[in-house]
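Asks: Here it is, the structure in full.
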Amino acid sequence: MVSQFVSPDDVGLLKDVKYDFPKGIHAIGRLDNHSEGLLILTTNKRVTKLLFESKKPHKRTYLVQVRDIVTPEKLHQLRNGVTIRIRGGGYYTTPPCEISIVEKPANLYKRENEFKEGLPHTWLLITLTEGKFHQVRKMVDAVRHRCKRLIRVSIENLQLNDLQPGEIREIEEKEFFEKLNINHV
């Protein structure tokens, strides 16, 4: 599904999730229909500005499965910034990021068309403080690896944990702002 409640396209939408959403709810930090993971929904219109348009950068962490084995040299390139193509046809060099090779989490849910585990692949944990259009996919592509699975596992200290696809967890506003490291006053 896409992280929208309405669309002119025939796609799965958030409104299809079996949940009584409050009026005025919207998604923050959208995921495309090829990505998975943590999605913030709120009725507070200021949160987007506080989180993504503030002077203080906020961390977003992704679990990424890529085709083939990532070498130390390519890991170094990704960590220090690679040049990607951005909207409008220009080029952009990504700032340094946190990245490490990790094991596939044991509790990771299976999905349709799962990448065959027997094929050479690498799981990466990538933390960024920005999010250009399809940035993570473009970054791994820049070092000749194809992104096979992309899961946002956290925004600041708000963690996906064991939340499964389509599940919703409500949290109190105070905890919400604390975990996102934003001042709501």
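Asks: Taking loop as defined by DSSP and a crowding limit of 15 other beta carbons within 10 Å, which chymotrypsin sites (Phe, Trp or Tyr not before Pro) in the stretch 1-91 fit? Display every interim value, and only then the final one.
Replies: On the way: sites: Phe5, Tyr19, Phe52, Tyr62, Tyr91; in loops: Phe5, Tyr19.
Counting only loop positions with at most 15 other Cβ atoms within 10 Å, the chymotrypsin sites (Phe, Trp or Tyr not before Pro) in the stretch 1-91 are Phe5, Tyr19.
Asks: Any idea how far apart Asn80 and Ala27 come out in nm if each label point goes 7 Å out from Cα toward Cβ?
Replies: Rounded to a tenth, the inter-label distance reads 3.6 nm.
Asks: Let's test the formula: R0 of 45 Å, r as the Cβ-Cβ distance of Lys15 and Thr71. What FRET efficiency results, to the nearest 0.05? All intermediate terms of the calculation are to be shown ahead of the outcome.
Replies: Values: r = 44 Å, r/R0 = 0.97.
Efficiency for this residue pair is about 0.55.
Asks: Next up: Tally Lys/Arg at +1 and Asp/Glu at -1 over every other residue whose Cβ is under 9 Å from the Cβ of Trp123; what's the total? Don't skip to the answer; put the middle values down first.
Replies: Values: positive: Lys104, Arg149; negative: Glu103.
Taking every other residue near Trp123 into account, the sum is +1.
Asks: Just report the Cα centroid separation between the stretch 147-185 and the stretch 44-113, whole Å.
Replies: Cα centroid of the stretch 147-185 versus Cα centroid of the stretch 44-113: 16 Å apart.
Asks: Which ordering of His34, His145, His58 is given by a fewest-first count of other beta-carbon atoms within 10 Å?
Replies: On the way: His34 11, His145 23, His58 18.
Lowest count first: His34, His58, His145.
Asks: Now for a separate question. At most 12 other Cβ atoms within 10 Å plus a DSSP loop assignment makes a site exposed; report the longest stretch of the chain without any exposed GluC sites (Glu not before Pro). Don't jump to the answer; show the numbers that get you there.
Replies: On the way: sites that count: Glu53, Glu103, Glu112, Glu114, Glu117, Glu167, Glu170, Glu172.
The segment 1-52 is the longest one with no such site.
Asks: If each residue of separation counts as 0.36 nm, what is the full-extension length gain between Glu170 and Lys56 once their alpha-carbon separation is subtracted? Walk me through the numbers on the way to the answer.
Replies: Details: separation 114, 0.36 × 114 = 41.04 nm, distance 2.54 nm.
Between Glu170 and Lys56, full extension yields 38.5 nm more.
Asks: Leu124's amide H: which non-local residues (gap 5+, or another chain) put their own amide H closer than 5 Å, with H modeled 1.01 Å from N in plane and none for Pro or chain starts?
Replies: Val64, Gln65, Val66, Val102
Asks: Trypsin sites (Lys or Arg not before Pro), restricted to the stretch 52-84: which are DSSP loop and have at most 12 other Cβ atoms within 10 Å?
Replies: Counting only loop positions with at most 12 other Cβ atoms within 10 Å, the trypsin sites (Lys or Arg not before Pro) in the stretch 52-84 are Lys55.
Asks: Given the pairs Lys74/Lys148; Lys15/Lys59; Lys74/Lys132; Lys55/Lys138; Lys15/Lys116, which span a C-alpha to C-alpha distance of over 22 angstrom in this model?
Replies: Numbers: Lys74/Lys148 17 Å; Lys15/Lys59 28 Å; Lys74/Lys132 20 Å; Lys55/Lys138 25 Å; Lys15/Lys116 32 Å.
The pairs that break the limit, which is 22 Å between Cα atoms, are Lys15/Lys59; Lys55/Lys138; Lys15/Lys116.
Asks: So what is the calculated 222 nm ellipticity per residue for the chain, using -39500 (n - 2.57) for each DSSP H run with n of 4 or more, over all residues, to the nearest 500 deg cm²/dmol? Walk me through the numbers on the way to the answer.
Replies: Details: 4 runs with 31 residues, N = 185.
Rounded to the nearest 500, the figure is -4500 deg cm²/dmol.
Asks: Could you pull out every one of the aspartates and glutamates with an alpha carbon less than 16 Å from that of Lys23, ignoring same-chain neighbours closer than 8 positions?
Replies: Glu170
No value in this document is a laboratory result; all are computed from the given coordinates. Since this is a predicted model, take the numbers as computed values, not measurements. Note that we place each Cβ from the backbone using ideal geometry, even for glycine, and neighbour counts take in every protein chain shown.
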